[in-house]
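Okay, structure first, notes after.
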Amino acid sequence: MIYIALFLLISMIGVHAALYKVFRDNQIAPYKAFIPIVNKIEWMKLTGKKKSFLIWCLIPVANLFAIITLMVDLMEAHRIYGWKEHYFGSIFSFAYFPYLFYKQNPKYIGVGGVLKHQPRPEKSKVREWVDSIVFALSAAMIIRTFIFEAYTIPTSSLEGTLLVNDFLFVDKFTYGARVPNTPIAFPLVHNTLPFTNNKVNSYTTLWQLPYKRLHVFSPVKRNDLVVFNYPEGDTVTVEYQSAYSYYRLKIENPTAAALDHIATRPVDKRDNYIKRCVAVAGDKLQIKDGTLFINDAEAYRAEKLQSSYAMDFNENQLPTNEQFLKDLQDLGVNTDDLRGEMAIQVCTDRLTANEIRKLPYVKSLTEVKYNYDEQNPDYNGIFPHDRAHFKYTQDNYGPVMIPKKGVTVTLSESNIAMYRRLIQIYEGNVLKEINGKFIINGQETNSYTFKMDYYFMMGDNRHNSQDSRYWGFVPEDHIVGKPWFIFMSWDRFHKKPRFDRLFNNISKNYTPNYE
């Protein structure tokens, strides 16, 4: 958000300082270099671009590539053709452009950068295509890795706050961009190659880098919406990927055929999830009868926090299936989340629930609460998957302390399930449990000191969200970024864009600001 804007502003200062020099040398009022739009028009004149090109300079994201094009054309107009110069001049323009135009002071030749007695060096068509493709991919990958990335909301876990088919940009700058763990990868795809049915990785693990995060402008705050790598995504089945946890499947159906075909992934290649960070490192979290408490105080409730409601119908006034679905969709209900048959469960917020109760065929609508049932096998799927010591449900969970870097906990048979995965998988230790004793990296111990901060993530659609209640804590090295703004939203039920959501600032509209 503000940090990306500041970064882009600082980056452009060097470019406009160089334009000041170029304009002055070419009898253009140099102050125009610092006037938005006007500077682009004068720049386009120097590079021979048509007036219509200005449109691309005004469209978000497209304008980045339009400006890169103008940078390359301006260098060629000064008879600078080298691939390295073009690369550094575009990617590191904030420093290279002032150096180029003030230190080297090249002469402006004109559009195309060609003199009759000094023709432009010839390139083969193959070389031109290769240069263009490599250059464009390099720029796109740097932007995608370190600044922002496009993301689509695939599920309804944040329904009411972020909707299915919201298309948004994720700011990777604010929380500190990560250096990729797997630097050798096919560009612009995540973890598998297209058209391979999730069977061919898009990366190689022959060269891997340790976790490193660049400067953190702001830490993850309580109640932030956060994009992160799916913690249990270190191992997934090829069939289900992260749609169904490999670890949960092992508990519920250890003979499932899907378990025979698995894939393992490094941190940065685990699937991306988006949830609300309800608790940060060091917080005490507890859910009582569906109400979330953080540090013994009732937590923030999103404006359209959703829960499950059981619906009964008036038997003498049953609607058609088409009318029923249309009525719910017109009220903004995601009907893909409906469960049950005649006693239907619907996920929605309290205000919409009141509107549903007014429908003539609705006899009653009652909020559902999940209490512990010793006979219910579903609770095997609740983290930390130890029913003997943790009788947790979606609506009754904890109390639990969120692990914090540098804090030491005493290990015991009654709590090791809470920390086993953290010690072994996330922090890379060898843990053995022999006759009730704990051996970590060959040393017997009864305590462990955390190496990272952790977070607890939950969806605002509380009964239809796979989140930390199911797979536990999110380590700091899994944090990807912060949702920025929605650039497109598509209502698949009514087959039209949601115009009221376009260009909404997510951090402003959907995240509380306590500062």
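The values are calculated or read from the model by the stated rules, or taken from the named source; none is laboratory data. All values derive from a computational prediction rather than experimental measurement. A quick note on method: Cβ atoms are made from the backbone with ideal geometry, for glycine too, and the neighbour counts reach across all protein chains shown.
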task: Would you point out which residue out of LEU305, LEU359, LEU331, LEU318 is in contact (Cβ under 8 Å) with a residue 24 or more places away in the chain and surrounded by fewer than 13 Cβ atoms within 10 Å (Cβ to Cβ)?
output: LEU318
task: Find the strands (runs of 3 or more DSSP E) located wholly in segment 185-287 whose residues include 2 or more that are surrounded by 15 or more Cβ atoms within 10 Å (Cβ to Cβ), and list them.
output: 225-229, 235-237, 272-279
query: Looking at segment 350-466, what strands (runs of 3 or more DSSP E) fall wholly within it and have at least 1 residues that are touching a Lys or Arg at 6+ places or on another chain (Cβ under 7 Å) and within 25 Å of LEU163 (Cβ to Cβ)?
result: 362-367, 454-458
task: Could you please let me know if ILE13 is over 18 Å from TYR96 (Cβ atoms) and either in the same structural domain as PHE92 (by TED's automatic domain parsing) or touching a helix residue (DSSP H, G or I) at 6+ places or on another chain (Cβ under 9 Å) (or both)?
output: no
message: Would you confirm whether or not segment 493-505 contains a residue that is surrounded by fewer than 22 Cβ atoms within 10 Å (Cβ to Cβ), closer than 21 Å to ASP171 by Cβ, touching a residue at least 40 places away in the same chain (Cβ under 8 Å) and in contact with a Phe, Trp or Tyr (Cβ under 9 Å, 6 or more places away or on another chain)?
response: yes
message: Residue pairs, Cβ under 8 Å, 6 or more apart or interchain, first in segment 425-448 and at positive phi, second part of a loop (DSSP other than H, G, I, E, B) and loosely packed, with under 12 Cβ neighbours inside 10 Å. List them.
response: ASN441/VAL430; GLY442/VAL430
Flag if ASP166 is farther than 30 Å from ALA353 by Cα and crowded, with 19+ Cβ neighbours inside 10 Å: no
field: Which listed residue is over 22 Å from ARG492 (Cβ atoms), at pLDDT below 95 and more than 27 Å from the chain's Cα centre (by Cα), from ALA343, ALA302, ALA297
entry: ALA343
task: Go through segment 257-282 and give me each residue that's farther than 21 Å from PHE383 by Cα and free of Cβ contacts under 8 Å to residues at least 24 places away in the same chain.
output: ALA257, ALA258, ASP260
query: Hey, does segment 133-140 have a residue that's part of a loop (DSSP other than H, G, I, E, B), modelled with pLDDT under 75 and either loosely packed, with under 13 Cβ neighbours inside 10 Å or touching a Gly at 6+ places or on another chain (Cβ under 8 Å) (or both)?
result: no
field: Members of segment 187-214 that are closer than 18 Å to MET141 by Cβ and of a type in the set (Val, Ile, Thr)
entry: VAL189, THR192, THR204
- line: Per the filter on segment 468-504, residues within 15 Å of the chain's Cα centre (by Cα) and under 28 Å from ASP330 (Cα atoms) are PRO483, TRP484, PHE485, ILE486, PHE487
